[in-house]
Amino acid sequence: MGEYLSADEDYYSDPDSQEPFHSHDDVDVDVDVPVVEDDRDDPRSTPSSNKIVIRKEHLLLAQMGDLRRVMDLLKLREQHARTLLIHYRWDVDRLVEVLAEMGKDKLFAQAGVTLPGNTTSPLLQSSSIITCYICMEDVCPREVTTMDCGHCYCNNCWSEHFIVRIKEGQSKRIRCMEHKCNAICDEAVVRKLVSARDPDLAERFDRFLLESYVEDNKIVKWCPSVPHCGNAIRVDDEKYCEVECACGFQFCFGCSSEAHSPCSCTMWELWTKKCRDESETVNWITVNTKPCPKCHKPVEKNGGCNLVSCICGQAFCWLCGGPTGRDHTWSSIRGHSCGRYKEEGEQKKAARAKRELYRYMHYYNRYKAHTDSFKLESKLVETMMDKISALDRRFYNLNDFSWLTNGLNRLFRSRRVLSYSYAFAYYMFGDELFQGEMTKKTREIKQNLFEDQQQQFEFNVEQLSKYLEEPLDEYSEDKVLDIRMRVINFSGIVDSRCEQMYEYIENDLLGCLVRTTHSIAPYNSKGVEKASLWSATVDNSGCHPPQDVKDFGRPSKESGCSSSRKRSRRDSRGDGLFDLNLPAEAIDKC
């Protein structure tokens, strides 16, 4: 779906972008979280949600919301509004800011927008024959096309130019062929000439124009589900959040990988790569490589000489691993001898390598254990409904079993957070990402506090899992009522412990970083928020967003979020008391 830009493309400084569609007439690593359905409405999806699912068939209508704003503001045709929005990565607010700062003329010039009528071609006069200065052929006027910038060439040259650009992945902003002309070619002309030569390529051009609304938009991303469901997700006021698509897939909106809080996107990327590589190669690396004494990267020896050079430029002795110079003979390295046994140096290096390996294995084993527990507990979904049916038949007084489904959903969410908390701790209290951010004493204190909270959280998760796995359909009514109370109690405690751990991570760990910034998705007691379906009504005047979505552009600055990296501590329970007879989701609303 994506395209690649050449070095001469001067887009606004954001990720690569692509152009949308043209007219209304053409529109005809991963563990999924199991969800236990009940008869209640899903509390994660509300009409006022700022997370919206846009189905493939609605992409054009959603795109027209931003296009119409620019068309009405600047009184432009659709193609020129699209060119502006593509240049500014579909950021309407940024476009308006640049308009206020620089004026309309500079805004148009930077984006390559040339309005028709501003220039005229000297070739199109009362001449029956026109010379194309690209191919130097004489052609009749009906075989010549003039762009809005006033430059005209023969249709064959234009067609070749368009086809080459589209195949090179530059269909979003095809510039005029004239030297140093910054004007963007009319997409209708591109479509007309390309379709006459290659209809399939013209369809590809149209598809890239439409998908530009997602590919180049900061607040719209494709759902990364496999196989792809075809949906796009729009999040208006949160960069770091986790969202659930209508297809059920949950992912991080920041990096489009699976939901991974409390790990930051950088931590999760490094952790998944490390687990993928380490699980199969750590033993081979230990046996066949030695660490560079300068950068500590593993180096493999590929020749007979014992003077080895790392890619960082450091030369060292393969026998002892000590740094050396580059001058050597067939038998020795100048100024270096490692024939004598030095117990202390060898022991220090071996101890360091062993500590690093043991440290990684400590966190990985616990991460893997909780991930495996999550997969095994997912099978409870298959048996829970059978248990509920059996209890309903045996005990007429127990007519509400939402405490089971809510407790199970709470267990799934908490187990996943607990698993990822070990990946977070591996990087938070190591030197790979945060070297120099904390003194050794401060790091030790904060690590102890975090591990205390993690241990309490882990204990309560295990207790909740224990009671949910009980064979309830075999127990007496009094025993079932006792377990019901315990499940409700531990559901609330697990939620409280998880929230406290998130607040400690956000405020006392990540919030205190000075040299670097790491952000995570905020804690949501109800789990990953489910995006609501976007819908639009179309009348004679065009399309507009649904009533609950209001303005389909970005939120105003007055309603934006605080710039502070620390989130305020909040007491979601008020006085800290709650009714144990209420289901977990009802407690969340208190």
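For the pair Glu137 and Cys312, a Förster radius of 60 Å applied to the C-beta separation gives a FRET efficiency near 0.55, rounded to the nearest 0.05.
Using bins of 5 Å that start at zero, the share of Cα-Cα pairs per bin across segment 66-212 amounts to 2, 9, 18, 20, 18, 15, 10, 5, 2, 0, in whole %.
Accessible surface for Met71 stands near 40 Å², nearest 10, in the context of the full protein assembly shown (1.4 Å probe). Among the listed pairs Lys75/Lys172; Lys75/Lys106; Lys192/Lys218, those with a Cα-Cα distance over 26 Å are Lys192/Lys218. Placing a pseudo-label 7 Å from each Cα along the Cα-to-Cβ vector at Asp392 and Glu178 gives an inter-label distance of 7.4 nm. Solvent-accessible surface of segment 66-212, taken per residue with a 1.4 Å probe and all protein chains present: 48 Å². Across the accessible surface of segment 66-212, with the other protein chains kept in place and a 1.4 Å probe, carbon and sulfur atoms take up 50 percent. The figure for Tyr523 is an accessible area of roughly 40 square angstrom, using a 1.4 Å probe on the protein chains alone.
Normalised radius of gyration (Cα atoms, divided by 2.2 N^0.38 Å) for segment 133-175: 1.21.
Measuring with a 1.4 angstrom probe and ignoring ligands and nucleic acids, Glu137 comes out at about 110 Å² accessible. Shown here: segment 447-489, whose C-alpha atoms stretch 45, 15, 9 Å along the first, second and third principal axes, sorted largest to smallest. Shown are Tyr153, Tyr396, whose ranking by accessible area with a 1.4 Å probe and every protein chain present, most to least, is Tyr396, Tyr153.
Taking segment 431-516, which trypsin sites (Lys or Arg not before Pro) meet the DSSP loop condition and have no more than 10 other C-beta atoms within 10 Å? List each step's numbers first, then the result.
Working: sites: Lys440, Lys441, Arg443, Lys446, Lys466, Lys479, Arg484, Arg486, Arg497, Arg515; in loops: Arg515.
Qualifying residues, ordered by number: Arg515.
For segment 435-499, what % of the accessible area comes from carbon and sulfur atoms, probe 1.4 Å? Carbon-and-sulfur percentage of accessible area, whole number: 45.
When peptides 181-187, 380-386 are ranked by their average number of other Cβ atoms within 10 Å per residue, the highest-first order is 181-187, 380-386. With every protein chain in place and a 1.4 angstrom probe, the accessible-area ranking of Tyr420, Tyr358, largest first, reads Tyr358, Tyr420.
Only lysines eight or more places from Lys297 in sequence, or on another chain, were considered; those with a Cα closer than 22 Å are Lys273, Lys274, Lys348, Lys349, Lys354. Here the label points at Cys255 and Thr383, each 7 Å from Cα along the C-beta direction, are separated by 3.5 nm in the simple model.
Cross-link partners of Lys466 among lysines, defined as those whose alpha carbon lies under 29 angstrom from its own and excluding same-chain residues fewer than eight positions apart: Lys368, Lys375, Lys379, Lys387, Lys479, Lys526, Lys530, Lys589.
I need the shape label for segment 396-538. Rule: rounded when a/c is under 1.5, else prolate if a/b > b/c, else oblate, with a, b, c from the alpha carbon gyration tensor. Oblate, because a/c is 1.5 or more while a/b does not exceed b/c.
The values are calculated or read from the model by the stated rules, or taken from the named source; none is laboratory data. This structure is a prediction, so every number in the text was calculated from the model and none was measured. Don't worry about glycine lacking a Cβ; one is built from the backbone with ideal geometry, like all the others, and counts go over all protein chains shown. We work out accessible area using only protein heavy atoms, side chains counted, and drop any ligands, DNA or RNA first. Shrake-Rupley method; radii C 1.70, N 1.55, O 1.52, S 1.80 Å.
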